[in-house]
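Taking it in order: structure first as structure tokens, then the write-up.
The values are calculated or read from the model by the stated rules, or taken from the named source; none is laboratory data. Every value quoted in this text rests on a predicted model; they were computed, and no experiment measured them. Note that each Cβ is placed from the backbone with ideal geometry, even for glycine, and that neighbours are counted across all protein chains shown. Just the protein is used for accessible areas: all its heavy atoms, side chains included, with ligands, DNA and RNA removed. Shrake-Rupley method; radii C 1.70, N 1.55, O 1.52, S 1.80 Å.
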Amino acid sequence: DRAGVRQRNPALAGEYLGALWCARDAVVEPRTAQVALRRYLSGWPGYRWVPGREVRDVGSGWARDDTGEVHTGDVVLVCTGAWLSGLARTLAPELPVRRVRLQMMQTAPLDAPLTTAVADGDSFRYYPAFDSAELDRVQPQPELARRHGMQLLMVARADGGLTIGDTHAYREPFDFDLDEAPYRHLVGVAEALLGRPLPPVLRRWAGVYAQATDPNLLAYRAQVAAGVWLVTGPGGRGMTCSPAIAEETVREAGL
């Protein structure tokens, strides 16, 4: 109930009836997490970070990049992210994965700690487990939010600033510019839950991720050749679920 929400997250002093709370929720900052992971792995003799290259060809136990260098190993895992053309299309011409574009923003530090990640009621509209016609009857989604496939996702960064999103566009080709109206909507929803104005917005950006079209899949994973696996399409949960995806892949590949 509302009192329980305030106990878990005192910063939520605005308008709401109650909330669902997950004690196992996790927050990951890609810019800091990836650097820390690479620093940790650099101490392993079998690890080498070679950015700025594109893999052009793969085979059983080897991969050739666009400099001509061949990398060898027991198994080749091709993790293409949202890049679904080129090698990904060669390996899986009928790849059951789509690209999704989203807009997000980052604010200056909030004047109170936001102790949990926060999602609004529109999140229910995008997860099959909560799909219900009753939601649309009781609380119809605003037309702007419906048109942009919106939900509020708000989380505190390590410096106290807030990462806030997001929109969903599924039809390519995607726009190259940022649309301001969805940002204004997200600011309004966030301020209504917080019961205070948001700090100044420092950054706005758009990104693209790959999402498996089968809603029952955590990610798309398939052996596309002897000793070669293609892994992509985790949707917007790639950073938080990548350890589980990696563990399942290692087990399925027999490593």
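Table: residues versus (1) charged (D, E, K, R); (2) without any contact (Cβ under 8 Å) to a residue 12 or more places away in the chain.
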{"position": "78", "(1), (2)": "no, no"}
{"position": "89", "(1), (2)": "yes, yes"}
{"position": "98", "(1), (2)": "yes, no"}
{"position": "102", "(1), (2)": "no, no"}
{"position": "116", "(1), (2)": "no, no"}
{"position": "120", "(1), (2)": "yes, no"}
{"position": "123", "(1), (2)": "no, no"}
{"position": "127", "(1), (2)": "no, yes"}
{"position": "134", "(1), (2)": "yes, yes"}
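Exactly one residue among 255, 217, 230 is over 18 Å from the mean Cα position of the chain (by Cα), at negative phi and surrounded by fewer than 19 Cβ atoms within 10 Å (Cβ to Cβ), and that residue is 255.
With a requirement of 1 or more residues that are within 30 Å of residue 176 (Cα to Cα), open to solvent by less than 70 Å² (accessible area, probe 1.4 Å) and among the small types (Gly, Ala, Ser), none of the strands (runs of 3 or more DSSP E) lying completely within the stretch 34-136 satisfies it. So is residue 27 within 23 Å of residue 236 (Cα to Cα), modelled with pLDDT of 95 or more and open to solvent by less than 90 Å² (accessible area, probe 1.4 Å) or not? No. Taken over the stretch 156-180, the residue count meeting the criterion of being under 28 Å from residue 111 (Cα atoms) and over 13 Å from the mean Cα position of the chain (by Cα) is 10.
Number of residues in the stretch 103-139 that are polar (S, T, N, Q) and either modelled with pLDDT of 90 or more or in contact with a Leu (Cβ under 7 Å, 6 or more places away or on another chain) (or both): the value is 5.
Does the stretch 175-192 include one or more residues that are touching a residue at least 40 places away in the same chain (Cβ under 8 Å), in contact with a helix residue (DSSP H, G or I) (Cβ under 7 Å, 6 or more places away or on another chain) and within 20 Å of residue 115 (Cα to Cα)? Looking through the stretch 175-192, none of the residues is touching a residue at least 40 places away in the same chain (Cβ under 8 Å), in contact with a helix residue (DSSP H, G or I) (Cβ under 7 Å, 6 or more places away or on another chain) and within 20 Å of residue 115 (Cα to Cα).
Take the conditions (1) out of contact with any helix residue (DSSP H, G or I) (no Cβ under 8 Å at 6 or more places or on another chain); (2) under 24 Å from residue 14 (Cα atoms); residue 227 misses just one of them, which is (2). Select from the stretch 165-205 the residues that are outside any loop (DSSP other than H, G, I, E, B), farther than 20 Å from residue 18 by Cα and open to solvent by less than 30 Å² (accessible area, probe 1.4 Å) and list them in ascending order. Residues satisfying the conditions are 165, 181, 182, 183. Scanning the stretch 238-255 for residues being closer than 23 Å to residue 227 by Cβ, part of a helix (DSSP H, G or I) and in contact with a strand residue (DSSP E or B) (Cβ under 8 Å, 6 or more places away or on another chain) gives a total of 5.
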